[in-house]
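The next block holds one structure in the form of structure tokens; read it before the comments.
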Protein chains: 2
Amino acid sequence: MQADSWSPTSVLLTVDLVILTLREGRLCVLLVERGEDPFRGMLALPGGFLNHDGEEILDAAHRELSEETALTSGRVHLEQMATYGDSGRDPRGRVVSVAHLAIAPGLPDPVAGTDATDAAWVPAESVLSGGVELAFDHHRIATDGIEQARTKLEFSALATAFCRETFSIAELQQVYEAVWGTELDTRNFYRKVQAAKGFIVPAGSGRRDTGGRPARLYKAGPQTVLFPPLIRPAPSTTEETTRGEEQ
Amino acid sequence: MQADSWSPTSVLLTVDLVILTLREGRLCVLLVERGEDPFRGMLALPGGFLNHDGEEILDAAHRELSEETALTSGRVHLEQMATYGDSGRDPRGRVVSVAHLAIAPGLPDPVAGTDATDAAWVPAESVLSGGVELAFDHHRIATDGIEQARTKLEFSALATAFCRETFSIAELQQVYEAVWGTELDTRNFYRKVQAAKGFIVPAGSGRRDTGGRPARLYKAGPQTVLFPPLIRPAPSTTEETTRGEEQ
DNA sequence: ACAAAAGTGTTACGATTACACCCATGC
DNA sequence: GCATGGGTGTAATCGTAACACTTTTGT
């Protein structure tokens, strides 16, 4: 720590959320239209300042999550992602944002937030391709969040957070296919997730109205790290030599 | 973002550094003895408040790194790790710390910082086992940093940051063995690192006074992500079912 | 010549893939 | 019965581990 001869700079702290879900087989991000003035009317990630003195960062993220979504129970995955504090990122002054990644099962269609004028699920593809413009540095944050979700799917049990309490293995596979944007072999996927001990545990015989033989149902197991991991197939011949690492 | 009906809380922002290096084949962390009053005389991670209005977080981390170590050139790896902001973590008030991970080649023995009374390289093992007490929540931060380094060694070219400008493959192997605490087969390691294209590139024939045939020398390649990755051998039969994920 | 360390070939094994096949249910 | 989707068996293939072996230098 530094000597206190000069007074240290204080900053405003916000939490921003990259909330991901699956809608009609597509990975989507929750975006809100800003009702307040910096970037009023523009799309942005949900988020906000710390509430009162003493609110924990993770609590603030949970609070913003509840405000923006109609999340019933505590069945949401929420974890810290990275901190963005570039001096020019907010016109109001020095605002540092601790970005979080949230994963939720498919949520009711249009979600009306408390202070946000409007909220909408936007396909992750549109964000990645730059098709939508976002306020602040939220494009960067959203991109980082999506990429992090893709990576964590390989090594952690994150995929179950996209599903409801109980789910079939086919549903779990759809999560992987949607987030990665690839197709997987049903039979091999079946055995791989079973091989990862503690990933999923049986939860009764299933009743699903899909027509064929009913699938067995499972729920999330105790393990958070997957071994062996589910390796994401390489995007075929397209070599990508440029991938930044340090931020 | 929230409406401005109430004034948002401002916090003090610090950067803390988990600086890792190899000394005599052991992974070590740089710790300083605090000369100022919260936890005066106790060991802590190097770090400090943001300097003046407008200093970028990453710049502050670089500055602290230079102050605490005698780093000559820019050959240091520095990346953001995680943010720690629990309300009780600093007795002076609400202080939020953006922790960074730094990797450096073996540095001169005793490093005297500018404001820290004393600085010392402490074996990572001692920190992990709880053998040394650290100020604030720095034990947690240091543990997280060491674990992150271990993981990143598998999938990124981080290991080269532990080496000097040029290095032999055997030296690179020592990095892996020290950080992971395992032994690796020399021959297979040799081919694995060569197979990861862009990881290391030749840098002239080597001269080392080790007695045998001189090793070829290499330098860090352009690639930051390793494919195929160098998988860390499982720690034998010892099952570990409890590994936290969310923070 | 010998020791020490670098680098190469080769085989055995385990994991992964691709795909053929059988099972259970609704209509 | 037959369409539909769930679940199992198996051979070809790939990557890896293990280790014998050759090469190059210093003394």
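The values are calculated or read from the model by the stated rules, or taken from the named source; none is laboratory data. Keep in mind the model is a prediction, meaning the values are calculated, not measured. In this analysis, Cβ positions are derived from the backbone assuming ideal geometry, glycine residues included, and neighbour counts consider all displayed protein chains. Keep in mind that these areas ignore ligands, DNA and RNA; they rest on the heavy atoms of the full protein, side chains included. Shrake-Rupley method; radii C 1.70, N 1.55, O 1.52, S 1.80 Å.
Observations, loosely collected:
- Counting only heavy atoms of the protein chains and using a 1.4 Å probe, B:T9 has close to 20 Å² of accessible surface.
- Comparing each chain alone with all protein chains together (probe 1.4 Å, DNA, RNA and ligands left out), the residues of region A:37-52 losing at least 20 Å² of accessible area are A:G47, A:F49, A:L50, A:N51.
- Note on B:E67 and A:T182: with the Förster distance fixed at 41 Å, the Cβ-Cβ geometry gives a FRET efficiency of about 0.30.
- Annotation: A:S66 carries an accessible surface of approximately 70 Å², with a 1.4 Å probe and no ligand, DNA or RNA atoms counted.
- Once the 1.4 Å probe is applied to the protein heavy atoms, region A:160-220 comes out at 60 Å² accessible per residue.
- B:L128-A:R23 FRET efficiency (beta carbon distance; Förster radius 56 Å; 0.05 resolution): 0.85
- Partners for A:K197 among lysines (Cα-Cα distance below 19 Å; same-chain residues under 8 apart left out): A:K152, A:K219
- Working from label points 7 Å from Cα in the Cα-to-Cβ sense, the B:R89 to B:A170 distance is 4.3 nm.
- Interface residues, region B:75-107 - accessible area loss of 50 Å² or more versus chain alone, probe 1.4 Å: B:Q80, B:T83, B:R94
- Label point 7 Å beyond Cα of A:A203 along Cβ direction - residues of region A:149-192 with amide nitrogen under 12 Å: A:160-169, A:172
- Based on Cα contacts under 8 Å between residues 6+ apart, region B:157-220 shows a relative contact order of 38 percent.
- Label spacing, shortest first and in nm, from B:G25 to its equivalents in the remaining copies (7 angstrom along Cα→Cβ): 5.7
- Solvent exposure ordering (accessible area, 1.4 Å, most first) of A:E171, A:E133, B:E64: A:E133, A:E171, B:E64
- With contacts taken as Cα pairs under 8 Å at a separation of at least 6 residues, region A:12-154 carries a relative contact order of 33 percent.
- Copy-to-copy label distances for A:R191, where each label lies 7 Å from Cα along Cα-to-Cβ, are 2.6 nm in order of increasing length.
- A cut-off of 5 Å between modelled amide H atoms, ignoring neighbours fewer than 5 places along the same chain, links B:R232 with no other residue.
- Take the accessible area of chain B alone and of chain A alone, subtract that of the pair, and you get about 5100 Å² summed over both chains, using a 1.4 Å probe.
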